[in-house]
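Inspection log for the structure reproduced underneath, given as structure tokens.
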Amino acid sequence: MTTSEKVAYLKGLAEGYGTDPATKEGKLLATILDILEDLALDQEDLAADVAELGEGLDAVSDDLGDVEEILFGDLDDEDEDEDDEDLEISDWDGKTVFYDIKCPACGETVTFDENDLAKGSIPCPACGELLEFELETEDESKDE
Ligand SMILES: [Zn+2]
């Protein structure tokens, strides 16, 4: 039962009891019930308005999400990409990853692991030539 329905019921009750609107008390009661009725209707209008506002806000929020996605791309994916820079080499089934490089000085195939790769260079175990390598990921984070 809504508030306005309760007020309507109360009005009916007042009439049923034969409250005389000509008396001071009857007049007072009728006025109070009228005000109650107005309040109940106002409150229902407000509740409807708030619900409508909420729907409008949801629509705006959804649209804003679309705009953000267009402007900035999927932010979650971007974060994952940043993490990938660190994970790319070391997180390989939890095992050490080995790489082969051919020494340009002596032609020896040199095997090195991710730790050497992180250093950026290792001396060739055969001839001592310093072998430099660049990470194939095009990140600038090796300056760190
Ligand atoms: Zn060498």
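What do you get for Rg/Rh over region 92-135 if you use C-alpha atoms and the Kirkwood form of Rh?
0.99
With the dipole of region 3-72 worked out from charges on the C-beta (+1 for Lys and Arg, -1 for Asp and Glu) around the Cα centre, which of LEU36, LEU64, PRO21 lies farthest toward the positive end?
It is PRO21.
Return the long-range amide H neighbours of VAL110 (sequence gap of 5 or more, or a different chain), with a cut-off of under 5 Å between placed amide H atoms.
So VAL110 has HN proximity to ILE101, LYS102, CYS103.
Output needed for region 3-72: three equivalent-ellipsoid semi-axes, defined as square roots of 5 times the C-alpha gyration tensor eigenvalues, in descending order, whole Å.
Values for region 3-72, descending: 49, 9, 4 Å.
For LEU36, LEU117, what ranking results if the residue with the fewest other Cβ atoms within 10 Å of its Cβ goes first?
In order of increasing Cβ crowding within 10 Å: LEU36, LEU117.
Mind ranking 4-14, 46-56 by how tightly packed they are, going by the mean number of other C-beta atoms within 10 angstrom, highest first?
Ranked from most to least packed, the peptides come out as 4-14, 46-56.
Read the figures in this text as sums done on the coordinates, not as results from a lab. These numbers come from a predicted model, not from an experiment. Positions of Cβ are generated from backbone atoms using ideal geometry, with glycine treated the same way; all protein chains shown enter the neighbour counts.
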